[in-house]
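Undergrad: Here you go, one structure.
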Amino acid sequence: VAEETPPLRKVSMDNRLMELSPANKQSVEHFTKYFTEAGLKELSQYVWNQQTIGARKELQKELQEQMSHGDPFKDIILYVKEEMKKNNIPEPAVIGIVWSSAMSTVEWNKKEELVAEQAIKHLKQYSPLLAAFTTQGQSELILLLKIQVYCYDNIHFMKAFQKIVVLFYKAEVLSEEPILKWYKDAHVAKGKSVYLEQMKKFVEWLKNAEESSESEAEGGD
């Protein structure tokens, strides 16, 4: 029986694949094309994933530095969009990085009653930056999930979830459809019962507003 080929990671070759090819051809595009043509699609995908993971980590590091230096949002947005294009990073992946970076630039208050107010003030300031990367419904859903998990993992934020979502709705970072989708079936388990209860009245208000606008549209026909 032929021996199975050991996984790349076991033979410590995963990060040295680029060295196996002539220097002028050591590019991700070259490797993914080469492996795909050779019928090794999984390996091609692996190389691509390794590259984008590195690019995302680098993007987060640079973003945090730019935010802590107080760089203008227009410059940050331009930089992020260039990196997205260069490294083929989709918007839903980027919004998570922007959210994490924005939340890491603050020394948060340890008191639950004060942290919500602090978070709203901070995120209101960062809304234009976040809005630049929620132009797709999928990006908005990812952001909602990121907020949910963050508020659950950071216990002082448990009561702040609904306030953050409402702020982002008013600031046009989030729209009603992804919020309703999150509420109905796109949330994760972390803190689910607490957050669904927090969101109940706002979701009812959104549904009523949606019904009113639909009936007005019908009346105008």
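Undergrad: Any residue that is touching a helix residue (DSSP H, G or I) at 6+ places or on another chain (Cβ under 6 Å), modelled with pLDDT under 95, assigned to a helix (DSSP H, G or I) and open to solvent by 50 Å² or more (accessible area, probe 1.4 Å) - is there at least one of those in region 112-119?
TA: Yes: one or more hits.
Undergrad: Identify all residues within region 183-212 that are within 19 Å of the chain's Cα centre (by Cα) and of a type in the set (Ser, Thr, Tyr); write none if there are none.
TA: Correct list: Tyr183 only.
Undergrad: Give the residue that is nearest to Val115 (Cα to Cα), with candidates limited to residues of region 156-182 that are of a type in the set (A, V, I, L, M), surrounded by fewer than 18 Cβ atoms within 10 Å (Cβ to Cβ) and in contact (Cβ under 8 Å) with a residue 40 or more places away in the chain. Quick ask: steps written out before the conclusion?
TA: Within region 156-182, the first condition is being of a type in the set (A, V, I, L, M), and the residues that meet it are 158, 160, 164-167, 171, 173-174, 179-180.
Narrowing the set further to residues that are surrounded by fewer than 18 Cβ atoms within 10 Å (Cβ to Cβ) leaves 158, 166, 171, 180.
Now drop any that are not in contact (Cβ under 8 Å) with a residue 40 or more places away in the chain, which leaves 158, 171.
Working: Met158: 10, Ala171: 20 Å.
Among those residues, the one meeting the criterion is Met158.
Undergrad: What pairs come out if I take residues in region 53-65 that are over 18 Å from Pro92 (Cα atoms) and pair them with residues that are among the small types (Gly, Ala, Ser) and open to solvent by 60 Å² or more (accessible area, probe 1.4 Å) whose C-beta lies under 6 Å away, six or more apart or interchain?
TA: Gln64/Ser104
Undergrad: Hey, another quick one. List every residue pair whose Cβ atoms lie under 7 Å apart, where the two residues are 6 or more positions apart in sequence or sit on different chains, the first residue falls within region 130-152 and is over 13 Å from Glu177 (Cβ atoms), and the second residue, located anywhere, is charged (D, E, K, R) and open to solvent by 40 Å² or more (accessible area, probe 1.4 Å).
TA: Cβ pairs passing all conditions: Ala131/Glu172; Gln148/Lys190; Val149/Lys190; Tyr152/Lys190.
Undergrad: Going residue by residue through region 127-141, is there one that turns out to be open to solvent by less than 70 Å² (accessible area, probe 1.4 Å), at pLDDT 95 or above, of a type in the set (Phe, Trp, Tyr) and not in a helix (DSSP H, G or I)?
TA: yes
Undergrad: Quick one: Lys201 ticks every box in (1) farther than 23 Å from Pro90 by Cα; (2) touching an Asp or Glu at 6+ places or on another chain (Cβ under 7 Å); (3) of a type in the set (D, E, K, R) bar one, so which box is it?
TA: Failed condition: (2).
The values are calculated or read from the model by the stated rules, or taken from the named source; none is laboratory data. Predicted, not measured: the structure shown is a model, and the values here were computed from it. When we count neighbours, we look across all protein chains shown, and the Cβ atoms used for this are built from the backbone with ideal geometry, even at glycine. Remember, those area values only see protein heavy atoms, side chains included, never the ligands or the DNA or RNA. Shrake-Rupley method; radii C 1.70, N 1.55, O 1.52, S 1.80 Å.
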